[in-house]
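**Student:** Encoded as structure tokens, here's the structure I'll be asking about.
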Amino acid sequence: MHGLLDTPEVFQKLRHEIGDRRLDLLIPHLSLRLARTPIEEAAAELAAHIDAAYPGQEPLNLLGFSIGGVIARTWIQRLGGHRRTRRFISLGSPQQGTLTAQPWPEQIFKGLADLKWDSALLRELNSNSELLESVDCHSFYSAP
């Protein structure tokens with residue numbers, strides 16, 4: 001899943017490097033609307049993309065970049081994705097919130113509000129991490 005100001009194009013180099021080894025690679029375009037879309041709504045959109053591309057219960061590997069990592073984690077923990085996810089890689093994702101989200105008004109930027117420190121969404125995800133126990137999770141970030 002791509003980041004806030006990205007499109008699936010951000011993964012073109014990765015797609016090129018993977019080449020023909022992964023013909024079934026899904027790189028969905030999520031309607032984040034400059035962070036006006038709440039994270040859970042984006043996770044439901046992700047679920048629709050996954051269900052359309054991979055009907056059934058085939059195990060999946062997920063990679064989420066920036067806000068895309070929080071969206072993927074929301075799908076895993078709140079929308080039943082844990083039953084299908086084999087591996088989850090979070091790349092530069094604000095899983096504990098971000099300073100960048102702090103000043104933006106929640107009424108307009110609901111997606112950013114979900115990324116504020118101690119947001120209701122992040123509190124719930126962090127307090128309910130047992131659904132991640134069956135998933136091989138990796139989180140990569142760079143410290144400020």
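Read-outs throughout are calculated quantities, based only on the coordinates presented, and are distinct from any laboratory measurement. Bear in mind that the values here come from a model prediction, so they are computed numbers and not experimental data. Note: ideal-geometry Cβ built from the backbone for every residue, glycine included; neighbour counts use all protein chains shown.
**Student:** Express in nm, to one decimal, how much length is gained between H29 and E58 on full extension, taking 0.36 nm for each residue of separation and deducting their alpha carbon distance.
**Tutor:** Details: separation 29, 0.36 × 29 = 10.44 nm, distance 2.11 nm.
The H29-E58 span can extend by a further 8.3 nm.
**Student:** Put +1 on the Cβ of each Lys and Arg and -1 on the Cβ of each Asp and Glu in the chain; which of L25, F11, A42 then has its Cα farthest toward the positive end of the dipole?
**Tutor:** Of the listed residues, the answer is F11.
**Student:** Suppose the chain between R86 and A120 were pulled fully straight at 0.36 nm per residue; how much longer would it get relative to their current alpha carbon spacing?
**Tutor:** Values: separation 34, 0.36 × 34 = 12.24 nm, distance 2.64 nm.
Extending this stretch completely gives an extra 9.6 nm.
**Student:** Taking the simple approach of a point 7 Å from Cα along Cα-to-Cβ for both I108 and H16, what is their distance in nm?
**Tutor:** Spacing of the two 7 Å Cα→Cβ label points: 3.7 nm.
**Student:** Follow-up. Can you tell me which of 57-67, 93-103, 128-138 comes out highest on packing, and rank the rest after it, using the mean Cβ neighbours within 10 Å?
**Tutor:** Values: 57-67: 18.3, 93-103: 16.0, 128-138: 13.0.
With the highest mean Cβ count within 10 Å placed first, the list reads 57-67, 93-103, 128-138.
**Student:** Under a GNM of the chain (C-alpha, springs under 10 Å), which listed residue has the highest mean-square fluctuation: G69, G111, G80?
**Tutor:** Maximum among the listed residues: G80.
**Student:** If each residue of separation counts as 0.36 nm, what is the full-extension length gain between D51 and H138 once their alpha-carbon separation is subtracted?
**Tutor:** Details: separation 87, 0.36 × 87 = 31.32 nm, distance 2.35 nm.
29.0 nm is the gain from fully extending D51 to H138.
**Student:** Same structure, new question: For region 94-144 and region 51-88, what is the separation of their C-alpha centers, rounded to whole Å?
**Tutor:** Value for the Cα centre distance between the two parts: 16 Å.
**Student:** How far is helix 67-78 tilted off the main Cα axis of the chain, in degrees rounded to 10, range 0 to 90?
**Tutor:** So the inclination is approximately 80 degrees.
**Student:** Go through 112-118, 70-76, 2-8 and give me the packing order, highest mean Cβ count within 10 Å leading.
**Tutor:** Details: 112-118: 20.4, 70-76: 27.6, 2-8: 16.0.
Top of the packing list down: 70-76, 112-118, 2-8.
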